[in-house]
Amino acid sequence: MITDPICKAHVNEDTAYVTDYGGKKYYFCSPECKNKFDQLEKSVIRLKRNIGEKERISFGKLKKEIINLGICTLCGACVSSCESIAFVNSQPKLIDKCTACGVCYNQCPRTVTREEDLVGKLRFGYAARSAMPGSKGQDGGVVTSLLAYGLEEGLLDCAIVTRKSEDDPWRPEPFIATTADEVLESAGSIYSHSMTMEPLMSAIKQGMRSIAFVGPSCNIDAVHKMQTSPYGFLHLFLRAKVLKFGLFCMDGFEHEGIREFVQAKGMDLNDIESMKIRKGVFEFGMSDGLKSYDLSELDRYRSTSCKFCTDMAAENSDISFGGVGTPQGWSTVLARSSIG
Ligand SMILES: Cc1cc2nc3c(=O)[nH]c(=O)nc-3n(C[C@H](O)[C@H](O)[C@H](O)COP(=O)(O)OP(=O)(O)OC[C@H]3O[C@@H](n4cnc5c(N)ncnc54)[C@H](O)[C@@H]3O)c2cc1C
Ligand code: SF4
Ligand code: SF4
Ligand code: SF4
């Protein structure tokens, strides 16, 4: 039994309308179905030509970036878009010549082919750094400056930020900052999960209504869920406006793990003035200089949740900030919502 690929009707091979495509015959119940298929074929040819003009991308790139890394979902988009690919032993494999047209790569849900796939929707992007006296941020100090400005101008009632614990150095301690000085105290990044939602809910209970909330993608997602879920607290009961300041994030580590690592390297957390992850290297800043280690050395201390995290740029925030994409001492700033 032969099936018309357009309307799925069963057709008789002898009386059907036929098209030859890619060395294979396709059978149709009517001239309309054949026409639809022929138009589709033209579109695929146009697509191949369009992509081909911009960049030559072969199946090898799909194999290297997606299939070999084990992040292929076996959806079959590549297989269904090219006669040269087939599932062999439950994996997409090249079974014929590849012309490097890039079509398969552009169908795959796991590849990054648009800016939006990588950093989410945004209205404006900036490279910025603070001009505020005394500001020493992690990158351009923009988060701290904006928060200080918002508090001083009365635009914000408070900001939910994270500082280092006094009793246990580098343990993240989230708190409600209501003055520019308190915000300055929280500048810099701590590479461990901070339980930021508790102070947020506490600020709301205290009657604060205009609140800036700072956190990496996973914390921003918690606020976003509470704002948008039909049963979310911020959606159902509360009238507070929460402005989400997202931090780009690719890694978070257990606080105890960082301490163990630092001790194993003969250092003391009390002596560490700054921590920074840059280009696959973890840097610890101390009064006598920097000590750098390959990020892979800290693999075993990475928080389990981070292994499953796919949002690098805090896509659900109103405005997000990171160091990647701009020179050292500057911040990449992505304004996403109108308020952001
Ligand atoms: C865990 C983590 C991982 C990161 N990974 C990357 C990355 O891979 N690539 C990249 O480009 N950028 C990353 N960043 C963001 C980057 O380190 C800077 O926070 C960002 O560029 C803003 O710089 P800034 O100088 O404007 O911020 P600052 O003015 O220094 O302000 C930083 C703000 O972040 C808050 N903060 C610090 N630590 C935490 C925490 N653990 N949880 C919640 N809030 C916190 C502080 O309270 C402060 O308000 C990461 C940040 C964190 C916290
Ligand atoms: S669609 Fe086919 S020919 Fe084009 S790059 Fe992929 S495997 Fe090669
Ligand atoms: S399109 Fe991507 S995810 Fe889907 S089967 Fe092909 S390689 Fe795997
Ligand atoms: S990698 Fe993801 S889960 Fe881990 S701290 Fe960063 S945003 Fe949170």
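Spin-label pair residue 35-residue 206: with each label point 7 Å from Cα along the Cα-Cβ axis, the two points sit 7.0 nm from one another. For the listed peptides 166-178, 268-280, a ranking on the average number of other beta carbons within 10 Å per residue, highest first, reads 166-178, 268-280. Applying Stokes-Einstein at 25 °C and 0.890 mPa s to the Kirkwood radius of region 186-271, computed over alpha-carbon pairs, gives a translational diffusion coefficient of 166 µm² s⁻¹. When Rg and Dmax are taken over the Cα atoms of region 59-136, they come to 18.9, 63 Å. Computing FRET efficiency as 1/(1 + (r/R0)^6) for residue 7 and residue 65, where r is the C-beta to C-beta distance and R0 is 35 Å, gives about 0.45. The lysine pair tally for region 244-332, using Cα distances under 22 Å and a gap of 8 or more places or different chains, is 7. Per the Debye calculation on the chain with a single equal scatterer at every Cα and no solvent contribution, log₁₀ I(q)/I(0) for q = 0.07, 0.09, 0.12, 0.13 Å⁻¹ amounts to -0.44, -0.66, -0.94, -1.02. Annotation for residue 339 and residue 324: the two label points, set 7 Å from Cα along the Cα-Cβ direction, are 2.7 nm apart. Ranked by the mean number of other Cβ atoms within 10 Å of their residues, highest first, the peptides 26-34, 136-144, 301-309 come out as 136-144, 26-34, 301-309. As a length-normalised measure over Cα pairs under 8 Å and 6 or more apart, the relative contact order of the chain settles at 14 percent. Summarising the amide proton neighbourhood of residue 248: residues at separation of 5 or more, or on other chains, whose placed amide H is nearer than 5 Å comprise 321, 322. A simple spin-label model places pseudo-atoms 7 Å from Cα toward Cβ; at residue 93 and residue 56 they are separated by 2.6 nm.
Taken together, the values in this text are just the output of simple stated rules run on the coordinates, not laboratory data. Because the structure is predicted, anything quoted here is derived from the model rather than measured. Methodologically, a virtual Cβ is constructed for each residue, glycine included, from the backbone with ideal geometry; neighbour enumeration extends over all protein chains shown.
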